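FYI, it's all coordinate maths here, none of it is from the lab. Being a predicted model, the structure only gives us computed values, none of them experimental. Every residue, glycine among them, receives a Cβ derived from its backbone with ideal geometry; neighbour counts consider all protein chains shown.
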Amino acid sequence: MARFMTTFDPFKEIRDMQSRLQQAFPAETAENANVAGFVPSVNTREGEYAYHIEADLPGVKKDDIQVEVKDGRVAISGERKAKEEVAEDDYYRMESRYGRFERSFALPDNVDEENVSARCEDGVLEVILPKKQPDTDTKKITVE
């Protein structure tokens, strides 16, 4: 009698179900074949005077980026539109890719929301979230 050991894969059933759903409802149609979900990669860091959020946004124009601060959150959103056109002697090809994106982050309590700034250079968006300066005015209380 031969016994075989198999490795347990807890996600196999989920992958199988996803595959069956994709076969039953194919997403590739003429309307959405070139729509791609775009999730920019983001790095965050804390400096001495500010927090920094850097988002990689290749192919996104500065005018297509929105940065909003509201209710203790910062939201970065926009749309990437890209067209690639190749015209050679014996063929012509044009590809279009586009996709909306949005990332949002909860702000620490010590962020000065009134002075948040953002700049975009070479496809990298940097959002600068300055820290509130601690109140250094000390009031002496006379003990009676």
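See the values below:
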| quantity | calculated |
| --- | --- |
| Cα-Cα over 20 Å, subset of K61/K131; K61/K83; K70/K131; K62/K132 | K61/K131; K62/K132 |
| Low-density loop positions, chymotrypsin sites (Phe, Trp or Tyr not before Pro), the range 65-120 - DSSP coil, at most 11 other Cβ in 10 Å | Y91 |
| Packing rank of 66-73, 52-59, 18-25, where each peptide gets the mean count of other beta carbons within 10 Å, highest leading | 52-59, 66-73, 18-25 |
| Around E46: net Lys/Arg minus Asp/Glu count, Cβ-Cβ under 15 Å | -2 |
| Ranked by how many other beta carbons lie within 10 Å on average, peptides 117-124, 9-16 from highest | 117-124, 9-16 |
